[in-house]
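Have a look at the structure below before the remarks.
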Amino acid sequence: MSQRTDAALYLKRDKRYFLLNNHPTAVFTPIVSATAHWWQSGVIYQIYPRSFRDANADGIGDLRGIAETLDYCAALGIDALWLSPIFPSPMADFGYDVADYSGIAAIFGTLEDFDDLLTQTTRRGLKILLDYVPNHTSNQHPWFAASRSSRGNSKRDWYLWHDAAPDGGPPNNWLSNFGGSAWEWDEATQQYYYHSFLKEQPDLNWRNPEVVAAMHEVLRFWLRRGVAGFRIDVLWLLIKDDQWRDNPPNPDYKPGMPLFHSQHPLYTTDRPENQDIVARLRAVVDEFDDRVLVGEIYLPLERLVAYYGKDLRGVQLPFNFQLLQTPWDARSIAGLIDRYEAALPVGGWPNWVLGNHDNPRIASRVGAAQARVAGMILLTLRGTPTLYYGDEIGMHNVPIPADQIQDPLEKNVPGKCLGRDPSRTPMQWDASPHAGFGDHDPWLPIAADANENNVAIEDRDPRSMLSLYRRLLELRRQHAALSMGSYQPVVATGALLAYVRYTLAEQLFIVANLGAQPAEFALQSVGRAQSLLLSTYLDGGTHLTESKLFLRPDEAVIIALVPPTPDSP
């Protein structure tokens, strides 16, 4: 039975009717129980710890610095902090090369600092998610040191070792995401080892039961400590082909693209065996009450949704990065939302992302005015939103001088504009030196406009981006239709994107003008306007009648419609 039929029956059974009849192909979404998990109604806020707040004046953000900002985080209205890796690491890839899964890197603090942060977040009603990096370790991890010590070591098979090809070269054509071959020759043991990323990040062998058991214990270590769950790094890469077959060429590859894209990674990504690994990770997390797994998965929608797992026993939130990749126009986004909603498995909970540590900031992608519209879209679509630190104040990409580049991806693949440093610059707290980030020159440059674009200034401005985000997050808490309600698209044309979020008790109409010209919308197709709840302009200047809405350029609004009427007995 289709989702539309299910929803219609549900509404009829509860003696309510829904007014939107203008979209015959719309995908209705079922009304969700009020007893939802926290991660369904909540909002996740990603912190890049190096760049959030420096409490010990070494130029690098740390756990005590994060603790100093918790009142800000709580007042913002988010529910969980996702911390990018904080484990001991040589920092070849800034923490994604883990040398000890059960400790804290000294630059970030100690386990005691982490426990204190966890206590303080709990007091404020916040949760912590950690970044779990299961695909690879650092080459300085004791496991790899043992594996590399000899072919006969008991941990040799914990990593992916292979003899050279007959010509002495790499075993096959597999390429690293960070440039060049994915195989590194080890002179001492006369074999190659595989690395999906840097040579300092050897891949673990998830076909080895001992590796699986050890990595499950990593989850339990932090779950026992009290974390609410994990974001899982490169989840779709964990298993590689056990026949070591060459990846086929990518027919869409064009000169000038990074070399990695010259292949279709058929044998190194999204292998069928991956689903069993994910299900077993979920089983570990389910040993604890109401914890969540969020999977980093850059795959097309039809493959992405497979990671919900059979009977929804995979990750609860396979990260939906489509808003990072879709052209910023109303028709493209409307089509994307419909395709995503239609692709979700029955009971699968959606999620949306506008920015993260690997992609350009939303304000740089779409401009300052549309970044406000984007924020409203993110926080009113059905599902769990993830915010990237600084997007709530409109931070943009910061140009990085060549002599200050830190990102190994940019260093390994120069000239391809792949560097991620511009979106990882320090949080802009105030107009003091270093933007209030700390008392030492920071590890990356501060934005040139940080004196005008920071938390302190925006906190005092009732029309700032920060004020808009706070108001949006407040509305999500006040209106179940936004946090847990169903979704129906509304037919719109031109630069307008429109949809309704609804429960049996209320209907909220969201319409966004993604264009630079004024636009009108006739409300009779959705019902009668009851009140304007919010405009991205935050100025009270929106022109709204019972039957018509007049949108200004780059404006998005939330309108409460006249409540639904019970059916006749």
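Every number here is computed from the coordinates shown, using simple stated rules; none is lab data. The structure presented is a predicted model; accordingly, all values stated were derived computationally and were not measured. A quick note on method: Cβ atoms are made from the backbone with ideal geometry, for glycine too, and the neighbour counts reach across all protein chains shown.
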At a 10 Å Cβ-Cβ cut-off, how would you order Y487, Y267, fewest neighbours first? Y267, Y487
Nitroxide proxy distance, nm - points 7 Å out along Cα→Cβ at H264 and S547: 5.5
Just how far, in whole angstrom, is the range 486-507 from the range 230-285 if you go by their alpha carbon centroids? 36
Full extension between T119 and V491 adds, at 0.36 nm per residue less the Cα distance, a length in nm of 129.2 nm
Explain nothing, just compute: Karplus ³J(HN,Hα) = 6.51 cos²θ - 1.76 cosθ + 1.60, θ = phi - 60°, for every residue of the range 125-140 in order, whole Hz, x for Gly and Pro. x, 9, 10, 10, 10, 9, 8, 9, 10, x, 6, 8, 10, 6, 6, 9
Under the rule of at least 5 residues apart or a separate chain, name every residue whose amide H is placed under 5 Å from the amide H of Q263. N250
Just the ratio, please: alpha-carbon radius of gyration of the chain over 2.2 N^0.38 Å, N its number of residues. 1.00
Spelling it out for K548: with amide H atoms placed in the peptide plane at 1.01 Å from N, the residues 5 or more places away or on another chain with amide H under 5 Å from its amide H are L523
Determine, for V133, V373, the number of other Cβ atoms within 10 Å of each Cβ, and report the residues in order from fewest to most. V373, V133
In the range 314-370, with Lys and Arg counted as +1 and Asp and Glu as -1 at Cβ, which of these residues, A330, Q316, N351, has the Cα nearest the positive end of the dipole, that is, farthest along it? A330
With the cut-off at 24 Å, tell me which of the pairs K155/K411; K155/K310; K240/K411; K254/K411; K155/K199 have Cα atoms farther apart than that. K155/K411; K155/K310; K240/K411
What percent antiparallel are the DSSP beta bridges of the chain, to the nearest 5? 60
Output ³J(HN,Hα) for the range 485-497: one whole-Hz value per residue in order, computed from phi by the Karplus curve 6.51 cos²θ - 1.76 cosθ + 1.60 with θ = phi - 60°, and x for Gly and Pro. x, 7, 10, 9, x, 10, 4, 9, 10, x, 8, 9, 10
In a solvent-free Debye calculation with one equal scatterer on each Cα, what is log10 I(q)/I(0) for the range 361-443 at q = 0.15, 0.19, 0.27 Å⁻¹, listed in the order of the q values? -0.68, -0.96, -1.25
Classify the range 329-471 as rounded, prolate or oblate, taking a ≥ b ≥ c as the square roots of the eigenvalues of its Cα gyration tensor: rounded when a/c is under 1.5, otherwise prolate if a/b is larger than b/c and oblate if not. oblate
With all pairs of different alpha carbon atoms counted, what Kirkwood hydrodynamic radius in Å does the range 61-168 show? 16.0
Suppose we keep just the alpha-carbon trace of the range 142-194; what are its Rg and Dmax in angstrom? 11.3, 32
As a check on your grasp of the helix formula, calculate [θ] at 222 nm for the chain: sum -39500 (n - 2.57) over DSSP H runs of n ≥ 4, divide by the residue count, round to the nearest 500. -7000 deg cm²/dmol
Phi-based couplings in Hz for the range 46-51 (Karplus 6.51, -1.76, 1.60; Gly and Pro marked x): 7, 10, 8, x, 4, 10
Around A495, under 10 Å between beta carbons, what's the net of Lys plus Arg minus Asp minus Glu among the other residues? -1
Can you list residues from other chains, or at least 5 along the same chain, whose modelled amide H is less than 5 Å from the amide H of Q507? L561
Cα to Cα, under 16 Å, and not fewer than 8 places away if on the same chain: which aspartates and glutamates meet these conditions relative to K548? E520
Work out the P(r) tail for the range 259-390: percent of alpha carbon pairs separated by more than 22 Å, whole number. 43
Pair N250, I405: separation of 7 Å Cα→Cβ label points (nm): 2.0
Can you list the trypsin sites (Lys or Arg not before Pro) in the range 319-406 that are in a DSSP coil and have 16 or fewer other beta carbons within 10 angstrom? none
Determine, for F509, F94, the number of other Cβ atoms within 10 Å of each Cβ, and report the residues in order from fewest to most. F94, F509
Report the net charge of residues surrounding G109, where surrounding means a beta-carbon distance below 11 angstrom and charges are Lys +1, Arg +1, Asp -1, Glu -1. -4
Simple SL model, points at 7 angstrom along Cα→Cβ for D539 and T110; separation in nm is 5.3
Looking at the range 223-329, I'd like the Rg to Rh ratio, where Rg is from alpha-carbon atoms and Rh is Kirkwood's inverse mean 1/r. 1.04
Subtracting the Cα-Cα distance of R477 and A145 from 0.36 nm times their residue separation yields 114.6 nm
For the range 419-472 versus the range 314-364, the gap between their alpha-carbon centres in whole angstrom: 26
